[in-house]
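One structure is given here, and the rest of the page talks about it.
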Amino acid sequence: MIKHFKTNIKKNMLVKAVAASLIVFMMSSMMLTACKSGNDKKVKPADYGSYGSDFARKLAADFPDRRPYSAGEKSAGEAIKEEMIKLNYKPEVQSFTTKNGTSANYIVKIPGTGFYDENSDGKSATKHRIAIIGAHYDSAPIEIKKSTAKSTTVRKGSETSETTALEYSYDGISDNASGTACLLTAMKAFSTYPEFSYDVYFVAFGAGNDDFAGAREFFNSLSSEEKSIIDVMYCVESLYAGDKVYASSGYKSLNNENRYKMRRKLYQAYDVCFANTLYTNYGFDLYYNESGVKTDLNGDQTEDIYNEVSANKSDYIVFDEAGIPVVFFDSFEYNFTTMEDMKETKNLNLQNYGGMIRKTNDDSTAFLDSVLVEPDYDRNGDGEIDCSGDRLQIRINAVAFIIVEALLKGSDYGMTKAQYESFVESKAKEEARVTVAGQSAPETSTSTAKKVAEPSETESSEETTEETTTETTAKATTKATTKATTKKKK
């Protein structure tokens, strides 16, 4: 018996060793890619290159005046549609008209596998849930003019560069070419995954700067059934200029009875960020507003503690008003003691409008790049340039990655395919264990429990009480296991 037992151990160890080697080899094969020098290295999370930042800069350069209902907004929308087609999607164009003009949303709906659950009769059923990812592509309706500023760029490894005069003009690179590019980057990354449980709707909203007109049109166009199965709306705006990138929930989450339900998806976004070494690889961190200022944030005449919600409103407001959980990504700075002091940036080179960038003429690619873009650098100290100094690229990629990966976290209304398969496997094993226990222990559950609690002195040391017990107390099982262990030692 002992010899046979040892032989099985050796065989199992050998099988496990071979399996482990194969797994490592397969994972290594899948994770290798060409680095800048032509050698191989592991793929980092959110390693999407400059696709998103390139698109943001091109959109801003080609269509600097994208104010709602303008010719520039229409042309920008057409460019976004063409980009979606290049990514092998078939966008739906949803035109709409308000009292102020005509605009359009660009929508891609991707069906998922659904979430698995069991009916009361024990049979599996599939439920579909929806996740929406959106960003407005229009720009602020401001007067565009040439500006001149003194630009001083702080660079890694040195004090500062020389201060020089820079002429520039508004093009909405931060608000919201950056958010639009993040949406497209998420769409590009989404196609590399084999499947998702969620039905995912990607939407580029028009006329966001007219009371979120595009988002309202899109939401109102959804059927009652669609509205009832929306789990979350992810919204992205102004990623570039602010000192930190924040994720926030909606104002509906301020109600104590809704707080966790409305913020669960927010916490999942943080989980993805922290679990995937985004700071280690890129210096990217995801913050949440913890200012602690007490003020009435939602107009209900009650003071709220100002945390985990944003000072800035965007397209997410439409969904928040409908009681749908939202996760809003934008860049800002909340490290102040009063609401009045809060602004996008403390950067001394970005104070022409008191530290605010969005909806000002400082929302300019030329100006922001001159201050915020740094040289690529060696982040891990191995002598190889391995990290971009382009804040816009890093933030677009990181937020897109967080959104897509958060979709894999699942729903409160069912299990993903992988979760369900694991559940079925565990259930089958439990049923088999109970069957074996019933066959090997004909006594009633009560007598079996008593036997385990007081094992006979003639019981074999090879006997395993855990396999012959159907109903025991934790105390009885512990006692039996202790006696069996003592016998083996003897």
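Read the figures in this text as sums done on the coordinates, not as results from a lab. Predicted, not measured: the structure shown is a model, and the values here were computed from it. Cβ placement follows ideal geometry from the backbone for every residue including glycine, while neighbour counts extend to all protein chains displayed.
A few notes on this one:
- Between amide H atoms placed 1.01 Å from N, distances below 5 Å from ILE133 occur with TYR201, PHE202, VAL203, TYR234, all of them 5 or more places distant or on a separate chain.
- Sparse-neighbourhood loop sites, chymotrypsin sites (Phe, Trp or Tyr not before Pro) in the stretch 365-419 - DSSP loop, at most 16 other Cβ within 10 angstrom: TYR413
- Take the Kirkwood radius over Cα pairs of the stretch 44-95, plug it into Stokes-Einstein at 37 °C and 0.692 mPa s, and you get 266 µm²/s for translational diffusion.
- Candidate cross-link partners of LYS343 among the aspartates and glutamates, defined by an alpha-carbon separation under 18 Å and a same-chain spacing of 8 or more, comprise ASP175, GLU237, ASP243, GLU290, GLU308, ASP330, GLU333, ASP362, ASP363.
- Computed 3J(HN,Hα) for the stretch 235-242, one whole-Hz value per residue from the Karplus formula 6.51 cos²θ - 1.76 cosθ + 1.60 where θ = phi - 60°, is 10, 10, 7, 6, 7, 8, 7, x, glycine and proline marked x.
- Each Cα pair under 8 Å and six or more residues apart adds its sequence gap; the mean of these over the residue count of the stretch 51-416 is a relative contact order of 22 percent.
- Using θ = phi - 60° and Karplus 6.51 cos²θ - 1.76 cosθ + 1.60, couplings along the stretch 344-361 (whole Hz; Gly, Pro as x): 6, 8, 9, 3, 5, 8, 10, 10, 4, 10, x, x, 9, 10, 4, 6, 10, 6
- Summary value for the stretch 201-300: 22 percent relative contact order, contacts being C-alpha pairs under 8 angstrom separated by 6+ residues.
- The stretch 87-231: C-alpha gyration tensor shape, a/c 1.5 cut-off, then a/b vs b/c: oblate
- Segment LYS294-ILE229, extension gain: residue separation times 0.36 nm, minus the distance between their alpha carbons: 20.0 nm
- Within the same chain, aspartates and glutamates fewer than 8 places from LYS44 are excluded, and of the rest, those with a Cα less than 14 Å from its Cα are ASP386, GLU405.
- A cut-off of 5 Å between modelled amide H atoms, ignoring neighbours fewer than 5 places along the same chain, links ILE357 with GLU344.
- Sequence-distant residues sharing a close amide H with SER147 (under 5 Å, placed H): TYR168, SER169
- Enclosed volume per residue, in Å³, of the convex hull spanned by Cα atoms of the stretch 51-416: 153 Å³
- The chymotrypsin sites (Phe, Trp or Tyr not before Pro) of the stretch 278-365 meeting both criteria, a DSSP state outside H, G, I, E and B (loop) and at most 16 other C-beta atoms within 10 angstrom of the site's C-beta, are PHE336, TYR353.
- Applying both filters, DSSP loop and at most 13 other Cβ atoms within 10 Å, to the chymotrypsin sites (Phe, Trp or Tyr not before Pro) of the stretch 169-241 eliminates every site.
- Relative to the current alpha-carbon distance between LYS261 and VAL434, full extension at 0.36 nm per residue lengthens the span by 58.6 nm.
- The 3J(HN,Hα) values that the Karplus relation (6.51, -1.76, 1.60; θ = phi - 60°) gives for the stretch 77-93 are, in residue order, x, 5, 5, 5, 4, 5, 5, 4, 5, 4, 7, 6, 10, 10, x, 8, 9 Hz. Gly and Pro appear as x.
- Kirkwood's formula applied to the C-alpha pairs of the stretch 309-403 gives a hydrodynamic radius of 16.0 angstrom.
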